[in-house]
Amino acid sequence: MRLLSLLLLLLITGCAGTPPIDTSGVNDALIPADALAHPTELRGSSVLWGGVIIDTANLRRETRLEVLAYPLDGDQLPDPEAAPLRRFIAYYPGYLEAADYRSGRLVTVRGRLAGTRSGPVGEATYHFPVVEVERIHLWTSSPARAVEPQFHIGIGVLFGH
């Protein structure tokens, strides 16, 4: 019984996530809409944003990610089941493999606000807040979330046609 309790404790502890990016100095109340509303006043502010990658482009000295922002949970994981906050552009200094940072992947970035930029989304002109990335975390395809263990006992019966 002690062995089972120990294994259960290790399982629960192993599932508990720790935030991958240091948040000291981050303005966690700041969302992309705020950055658009006050681009001059908020320039240089440190933010921690995440979401779903829409597009990745490798430029001469940096990689540009277009991200649809979502709220972050306690582990800094974007929650795509929540209402989206709006898109933002993240510039990473250097090369990121576009095959890894492809459309649909979840990403969390820490960086400094660097103003705004206009660009197309479909046939419309869209205004993006811009983040200069200091740290980036690419989430696995199906990130493990901490869950409470569940035990099921039952009898299964299969019937054929």
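The values are calculated or read from the model by the stated rules, or taken from the named source; none is laboratory data. Bear in mind the structure is a predicted one, so any value in this text is a computation, not a measurement. Positions of Cβ are generated from backbone atoms using ideal geometry, with glycine treated the same way; all protein chains shown enter the neighbour counts.
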**OP:** Report, by residue number, each residue of the range 72-122 that is of a type in the set (Lys, Arg) and more than 25 Å from residue 43 (Cα to Cα).
**Re:** 102, 105
Original post:
With 93, 84, 80 as the choices, which residue is closer than 16 Å to residue 135 by Cα and modelled with pLDDT of 95 or more?
Top reply: 93
Original post:
Does the range 114-126 include one or more residues that are closer than 21 Å to residue 26 by Cα, touching a residue at least 24 places away in the same chain (Cβ under 8 Å), charged (D, E, K, R) and part of a strand (DSSP E or B)?
Top reply: no
Subject >> Residue tally, condition closer than 22 Å to residue 60 by Cβ and of a type in the set (A, V, I, L, M), over the range 98-127 >> reply: 5
**OP:** Of all residues in the range 67-110, count the ones that are touching a residue at least 40 places away in the same chain (Cβ under 8 Å), within 10 Å of residue 51 (Cβ to Cβ) and in contact with a Lys or Arg (Cβ under 6 Å, 6 or more places away or on another chain).
**Re:** 0
Original post:
Does the range 54-69 contain any residue that is closer than 21 Å to residue 26 by Cβ, surrounded by 17 or more Cβ atoms within 10 Å (Cβ to Cβ), at pLDDT 95 or above and hydroxyl-bearing (Ser, Thr, Tyr)?
Top reply: no
